[in-house]
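The structure appears below as structure tokens.
The values are calculated or read from the model by the stated rules, or taken from the named source; none is laboratory data. Everything quoted here is computed from the prediction, not taken from an experiment. Methodologically, a virtual Cβ is constructed for each residue, glycine included, from the backbone with ideal geometry; neighbour enumeration extends over all protein chains shown. To get the accessible areas, we keep the full protein, side chains included, count just its heavy atoms, and leave off ligands, DNA and RNA. Shrake-Rupley method; radii C 1.70, N 1.55, O 1.52, S 1.80 Å.
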Amino acid sequence: QVQLVESGGGLVQPGGSLRLSCAASGSIFNINAMGWYRQAPGKQRELVAVSRSGGSTNIAGSVKGRATISRNNAKNTVYLQMNSLKPEDTAVYYCNAARVGVNYWGKGTLVTVSS
């Protein structure tokens with residue numbers, strides 16, 4: 001099992017920035033990718049950004065240019081830096097870790113972008 005604990009959510013004004021952190025623990029061997037998804041009220045969960053073990057990353061078009069994903073392998077932590085936040089970025093952000101055939105999820109952290 002893999003445990004994922006997110007932190008860093010909260011209330012941010014439009015145009016502001018925040019950094020989400022996700023610390024992984026447990027059986028973290030053979031984790032191929034770690035990333036972030038989000039789910040806004042009444043909408044499906046969607047990919048925000050993913051970082052793969054080979055070093056490649058993918059950023060969703062809706063946040064491209066405003067979001068950066070990074071990993072600290074020594075700390076088993078993945079980060080999501082988001083800038084120029086918009087009200088439509090309001091959502092619960094979930095950390096994800098994946099190995100072949102298995103996905104692990106954190107409990108989520110709420111990000112609210114509002115003035």
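Basic side chains Lys and Arg get +1 at the Cβ, acidic Asp and Glu get -1 at the Cβ, and with that the dipole of the chain about its Cα centre reaches some 160 debye.
Note that region 1-84 presents 55 Å² accessible area per residue, ligands and nucleic acids not counted, probe 1.4 Å. The label-point distance for residue 66 and residue 99, in a model that sets each label 7 Å from Cα toward Cβ, rounds to 3.5 nm. The C-alpha radius of gyration of the chain, expressed as a fraction of 2.2 N^0.38 Å, stands at 1.00. How high is the relative contact order of the chain, given as a whole-number percent (alpha carbon pairs under 8 Å, six or more residues apart)? Computed value for the chain: 37 percent relative contact order.
Report the Cα centroid-to-centroid distance between region 1-38 and region 53-108 in angstrom, as an integer. Between the Cα centres of region 1-38 and region 53-108 lies a distance of 6 Å.
Can you give me the % of accessible surface on region 38-112 that is carbon or sulfur? Probe 1.4 Å, all protein chains present, nothing else counted. Carbon with sulfur: 48 percent of the solvent-accessible area.
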